[in-house]
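Read the structure below first, then the notes.
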Amino acid sequence: TPRVFSGIKPSGDLHLGNYLGAIRRFVPLQETHETIYCVVDMHAITVWQDPADLKRWTYEIAAAYIAAGLDPKKSIIFNQSQVMEHAELSWIFNCVARMGWMERMTQFKDKAGENAENVSLGLFAYPSLMAADILLYKSTGVPVGEDQRQHLELTRDIAKKFNHDFKKQIKANGHRGDFFPVTETLATGPAMRVKSLKDGTKKMSKSDASDLSTIYMMDGADLIAKKIKRATTDADALPSEAAGLAGRAEAENLVGIYAALSNTSVDDVLAQYGGQGWGAFKPALAELAVSVLSPIADEMKRLVADHAEMDAILRDGADRARAIAQPVMNDVRNIVGFVR
Ligand code: TYM
């Protein structure tokens, strides 16, 4: 069976973008793929994290995975730092990836901003650790939101260069063809880039200054409704087909959110609401969002209250992840020429 890997950073409270772009789409893949879902705590510390917050958010993400419908018996659910092979493979990838490739990463440039001299070395190497996450399991598909596309291109570049640089050794170790697969970015459908509710040019993110711009998974029903009601929009009615959303970023965002939450398409939503104004659409969207998110938030609260149960799930996941990772890592050590 094909294998899928994805991860979320415990660096802030989970929001609607994380749910629609990632978590929601993890669930159905359990039925068709071998699925590995990680809480990437080693990625989180590339910027400063208060250790108590890091723990809290690690549990919160693992709880969200399960509350949203992941079955820890079917999917492997674990936190990255419990499987040290991630760090080991990322070091080797640091020696495969080129400085120039990393310097082109827009996420690094955005995060480093004016202050590139004073960010952690880990932040620069971030995409190399991400490639290690994925390739350690020889994963072929990665469900993510749009913002991760460039990182996954880099993952493919690292895989290709490794396969090329070590071609002879890969063959000598008994592998026919490439050692690492070419991974596919799974990012299609509505809401692959959920925008801030206050600014249609910005993505919804864990670290937005405006309280009303982001819907958090743990927000209560009233707060969700208030945020949607106050969302910035233009004054026009909804168009009757998707083409009519061109140039209307805020409208496109809210309709995309509706489509994703209701498991339909943008065209289906517009077939229903085309011609209507925001006064009709926003309450319907708020009701839909609450009906989807509230049960998940309730289950998350129940799960995070029981650390013993969460610890057991993460430990079992880490054991199963390691069982896949170790033989791959043994091959990698041989291929690279490390004496055992
Ligand atoms: P992170 O933690 O920033 O985000 C987790 C997932 O949520 C998606 N996402 C969004 N999707 C749509 N609209 C948004 N506004 C939005 N904001 C976030 C992200 O695309 C992502 O799928 N580098 C990754 C974590 C990672 C990873 C990996 C992912 C580490 N190793 C291996 C896949 C495979 C990150 O920072 O995600």
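About its Cα centre, how strong a charge dipole does the chain have in debye, to the nearest 20, once Lys and Arg get +1 and Asp and Glu get -1 at the Cβ?
With Lys and Arg at +1 and Asp and Glu at -1, about 980 debye.
Compute the Kirkwood hydrodynamic radius of region 221-302, taking the inverse of the mean of 1/r over all pairs of distinct Cα atoms, and give it in Å to one decimal.
Computed over region 221-302, the radius equals 13.1 Å.
Let me know the charge dipole size of region 221-302 about its Cα centre in debye, to the nearest 20, where only the beta-carbon of Lys, Arg (+1) and Asp, Glu (-1) is charged. Mind showing how you got there, number by number?
Details: 8 positive and 11 negative charges, 87 e Å.
Magnitude of the dipole: close to 420 debye.
Which residue fluctuates the most in the chain, going by a Gaussian network model with Cα springs under 10 Å, if the choices are SER139, SER90, SER262?
SER262
Work out the charge dipole of region 221-302 with +1 on the Cβ of Lys and Arg and -1 on the Cβ of Asp and Glu about the Cα centre, then indicate which of TYR273, PRO283, VAL255 is farthest towards its positive end.
PRO283
Given the -39500 (n - 2.57) contribution per DSSP H run of 4+ residues, what per-residue ellipticity at 222 nm results for the chain, rounded to the nearest 500 deg cm²/dmol?
-16000 deg cm²/dmol
Near ARG248, within a Cβ-to-Cβ distance under 11 Å, what is the net charge of the other residues, with Lys and Arg +1 and Asp and Glu -1? Before the final figure, lay out the partial values.
Working: positive: none; negative: ASP234, ASP236, GLU250, GLU252.
Neighbourhood net charge equals -4.
What percent do you get for the relative contact order of the chain when only Cα pairs under 8 Å and 6+ apart count?
Taking the mean separation of contacting Cα pairs over the length of the chain, I get 23 percent.
So what's the convex hull volume per residue for the Cα atoms of region 112-248, in Å³?
Here the figure is 187 Å³ per residue.
Compute the separation of the alpha-carbon centres of region 161-180 and region 23-80 and state it in Å as a whole number.
If you average the Cα positions of each part, the centres end up 32 Å apart.
Identify, among ALA52, ILE76, VAL96, the residue whose Cα sits farthest towards the positive end of the charge dipole of the chain, taking +1 on the Cβ of Lys and Arg and -1 on the Cβ of Asp and Glu, with the dipole about the Cα centre.
Projecting each Cα onto the dipole axis, the largest value belongs to VAL96.
From the phi of every residue in region 7-23, what ³J(HN,Hα) in whole Hz does the Karplus formula 6.51 cos²θ - 1.76 cosθ + 1.60 yield, where θ is phi - 60° and glycine or proline is x?
Here the 3J(HN,Hα) series is x, 10, 7, x, 10, x, 6, 5, 10, 4, x, 5, 5, 6, x, 10, 3 Hz.
Ignoring any ligand, DNA or RNA, what whole percent of the accessible area of region 221-302 comes from carbon and sulfur when the probe is 1.4 angstrom?
50
Would you be so kind as to identify which of GLY177, SER240, TYR137 lies farthest towards the positive end of the dipole of the chain, taking Lys and Arg as +1 and Asp and Glu as -1 on Cβ and the Cα centre as origin?
Farthest along the dipole direction, towards plus: GLY177.
Run the accessible area of region 1-109 with a 1.4 Å probe and give the carbon-and-sulfur part as a rounded percent.
Carbon plus sulfur share of accessible area: 59 percent.
With θ set to phi - 60° and the Karplus curve 6.51 cos²θ - 1.76 cosθ + 1.60, what are the ³J(HN,Hα) couplings of region 162-170 in order, to the nearest whole Hz, using x for Gly and Pro?
Values per residue, Gly and Pro as x: 4, 4, 6, 4, 10, 3, 5, 5, 4 Hz.
Quote the FRET efficiency, to the nearest 0.05, computed for LYS138 versus ASP211 with a Förster distance R0 of 35 Å and r equal to the Cβ-Cβ distance.
So the FRET efficiency works out to roughly 0.25.
Whole number in Å², please: accessible area per residue of region 221-302, 1.4 Å probe, ligands, DNA and RNA not counted. Intermediate values should be presented prior to the final figure.
Values: 3900 Å² over 82 residues.
Per-residue value: 48 Å².
Determine the percent antiparallel among the DSSP beta bridges restricted to the chain, to the nearest 5.
10
Suppose a student asked you for the relative contact order of region 47-165, using Cα pairs under 8 Å spaced at least 6 residues apart; what percent would you report?
Rounded, it is 29 percent for region 47-165.
Quick one: what are the phi-derived ³J(HN,Hα) couplings along region 107-121, Karplus 6.51/-1.76/1.60 with θ = phi - 60°, whole Hz, x for glycine and proline?
Ordered by residue, 3J(HN,Hα) equals 5, 5, 4, 5, 6, 6, x, 6, 9, 4, 6, 10, 8, 5, 4 Hz.
Can you tell me the 0 to 90 degree angle between the C-alpha axis of helix 85-94 and the longest principal axis of the chain, rounded to 10?
On a 0 to 90 degree scale, this one is about 80.
Starting at 0 and stepping by 5 Å, how many percent of the alpha carbon pairs of region 1-107 end up in each bin?
The percentages, shortest bin first, are 2, 11, 19, 20, 20, 15, 9, 2, 0.
May I ask for the longest run of the chain untouched by GluC sites (Glu not before Pro) that are loop-located per DSSP and have at most 14 neighbouring C-beta atoms (other than their own) within 10 Å?
Here the longest segment lacking exposed loop sites spans 32-240.
Measuring from label point to label point, each 7 Å out along Cα→Cβ, what is the HIS175 to ALA52 span in nm?
Using points 7 Å along Cα→Cβ, the separation is 4.5 nm.
Please list, by residue number, every one of the chymotrypsin sites (Phe, Trp or Tyr not before Pro) in region 235-339 that is coil in DSSP and has at most 14 other beta-carbon atoms within 10 Å.
Passing sites in region 235-339 are PHE338.
Give me the number: length gained by fully extending LYS161 to ALA305, i.e. 0.36 nm times residue separation minus the C-alpha to C-alpha distance, one decimal in nm. The partial results should precede the final answer.
Working: separation 144, 0.36 × 144 = 51.84 nm, distance 4.51 nm.
Once the chain is fully extended between LYS161 and ALA305, it gains 47.3 nm.
So what is the orientation-averaged projected area of the chain, using the convex hull of its C-alpha atoms, in nm²?
Working: hull surface 73.4 nm².
Its average projected convex-hull area is 18.3 nm².
If I take every Cα pair under 8 Å that is 6 or more residues apart in region 29-76, average their sequence separation and divide by the length, what percent do I get for the relative contact order?
63
May I ask you to derive the FRET efficiency for ASP298 and ALA323 from their Cβ-Cβ distance with R0 = 35 Å, giving the value to the nearest 0.05?
That pair, ASP298 with ALA323, gives E of 0.55.
Quick one: if the Förster radius is 22 Å, what FRET efficiency do ASP268 and GLU146 give, using the C-beta to C-beta distance and rounding to 0.05?
0.55
Under 1.5 on a/c is rounded, so check that first for region 110-150, then, if it is not, pick prolate when a/b is larger than b/c and oblate when it is not; a ≥ b ≥ c are the square roots of the alpha carbon gyration tensor eigenvalues. Let's see the in-between values first.
Details: a/c = 5.41, a/b = 1.85, b/c = 2.92.
It is oblate, given that a/c is not under 1.5 and a/b is not larger than b/c.
The values are calculated or read from the model by the stated rules, or taken from the named source; none is laboratory data. Quick caveat: nothing in here was measured; it's all calculated off a predicted structure. No Cβ is skipped: glycine too gets one built from the backbone with ideal geometry, and neighbour counts run over all protein chains shown. Calculation scope for accessible area: heavy atoms of the full protein, side chains included, ligands and nucleic acids excluded. Shrake-Rupley method; radii C 1.70, N 1.55, O 1.52, S 1.80 Å.
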